Amino acid sequence: MLRYGNDYLNMAVHATDGYCGVVHDVYFDDEAWAVRYFAVMMSEGEGSRVVLVPVPGVSNFQWLDKTVHLSLDHQRLTESPEFRVDLPVSRQYELALHRYYEWPVYWGQTSFLDTPDTKKLDRATIPTDRQNRPDTVERGNGILYGEDDDAPDMMEALVSSEPEEYQEEELRFDDEQREEPYSASLRSMRELCSYSMTGGNGEEAGRIEDIVIDEGEENLIPFLKVKPGTGDAITKSILLPHTYIEGIEWEQSSVVSSLLPVVLREAPGIVPGNTPVSDYINAVLDYYESIAEY
């Protein structure tokens with residue numbers, strides 16, 4: 001099922017031993033266009049702290065009562081590596097986080113995780129009730145969507161352990177060639193939703209309002225929600241497949257599309273409602289398949 005990213009914000013988060021905070025942000029990979037972490041604002045006495053929870057740490061979402069259930073307890077969360085929302089998420093931090101939780105990394109094996117135990121792991125163990133969900137449908141460009149359901153489940157936690165006899169190799173970052181493979185592509189959804197959009201001709205084409213998340217195994221982001229055009233006269237929002245995104249200029253706070261502004265302005269407007277519905281998704285995909293002349 002498809003969900004708007006902003007629908008996740010402020011959902012109540014429950015650890016295995018009770019309430020622990022709310023969803024503060026969603027962090028995604030702008031190369032694979034997939035959600036990687038949920039930032040949780042934890043309540044700690046009179047103060048608060050944000051922790052980063054990898055997707056495997058989420059057991060399920062209960063949309064009827066707007067709650068997120070984790071497979072982690074409160075202590076496990078509070079003792080996780082310190083996370084700062086004012087700094088970019090580095091690959092070094094991600095490695096530290098995955099080592100702490102003892103979960104495989106999503107970008108491939110490292111010396112720490114390339115062990116017989118982790119190689120035998122499946123990507124995920126899907127909850128039994130997931131088997132009864134409608135099949136996902138594939139339409140142009142490999143974009144996925146499914147029928148509505150009340151309480152979709154996220155994938156369960158992957159648990160692995162480092163063999164006692166294994167000696168961890170220290171990672172060194174002493175030159176550009178060594179650093180490059182570890183440069184992160186993680187981005188904040190909150191930050192992205194304040195960005196403008198630039199069309200294929202270099203002109204301003206609108207602004208980003210939201211992302212759309214497919215709650216399947218991969219937590220893909222098939223679409224961005226965009227307000228096309230400029231000025232106060234804009235009355236509609238559209239969905240833009242991420243396949244038409246050429247890049248994100250983080251320093252300029254801009255998303256660059258390969259399409260002309262006029263193509264975005266003429267795209268089908270979003271049907272009012274809480275989530276994108278299948279009929280509208282079909283219309284969107286048909287529209288973008290018909291614009292080859294641009």
In this structure, is Leu52 under 24 Å from Asp210 (Cα atoms), buried (at least 22 other Cβ atoms within 10 Å of the Cβ) and within 20 Å of the chain's Cα centre (by Cα)?
yes
Please enumerate the residues belonging to segment 239-262 that are over 14 Å from Asn201 (Cα atoms) and β-branched (Val, Ile, Thr).
Thr243, Ile248
First in segment 261-282 and in the same structural domain as Ile208 (by TED's automatic domain parsing) and part of a loop (DSSP other than H, G, I, E, B), second anywhere and among the hydrophobic types (A, V, I, L, M, F, W, C) and surrounded by fewer than 19 Cβ atoms within 10 Å (Cβ to Cβ), Cβ under 6 Å, 6 or more apart:
Pro268/Ala283
Under the condition of being small (Gly, Ala, Ser) and more than 25 Å from the chain's Cα centre (by Cα), which residue from segment 201-237 is modelled with the highest pLDDT?
Gly202
For residues that are at pLDDT 90 or above and surrounded by fewer than 18 Cβ atoms within 10 Å (Cβ to Cβ), tally how many sit in segment 23-33.
1
Being surrounded by fewer than 21 Cβ atoms within 10 Å (Cβ to Cβ) and part of a strand (DSSP E or B) is the requirement here; does Gly247 meet it?
yes
Report yes if some residue within segment 68-86 is more than 25 Å from Phe223 (Cβ to Cβ), part of a strand (DSSP E or B) and modelled with pLDDT of 85 or more; otherwise report no.
yes
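The values are calculated or read from the model by the stated rules, or taken from the named source; none is laboratory data. Bear in mind that the values here come from a model prediction, so they are computed numbers and not experimental data. A quick note on method: Cβ atoms are made from the backbone with ideal geometry, for glycine too, and the neighbour counts reach across all protein chains shown.
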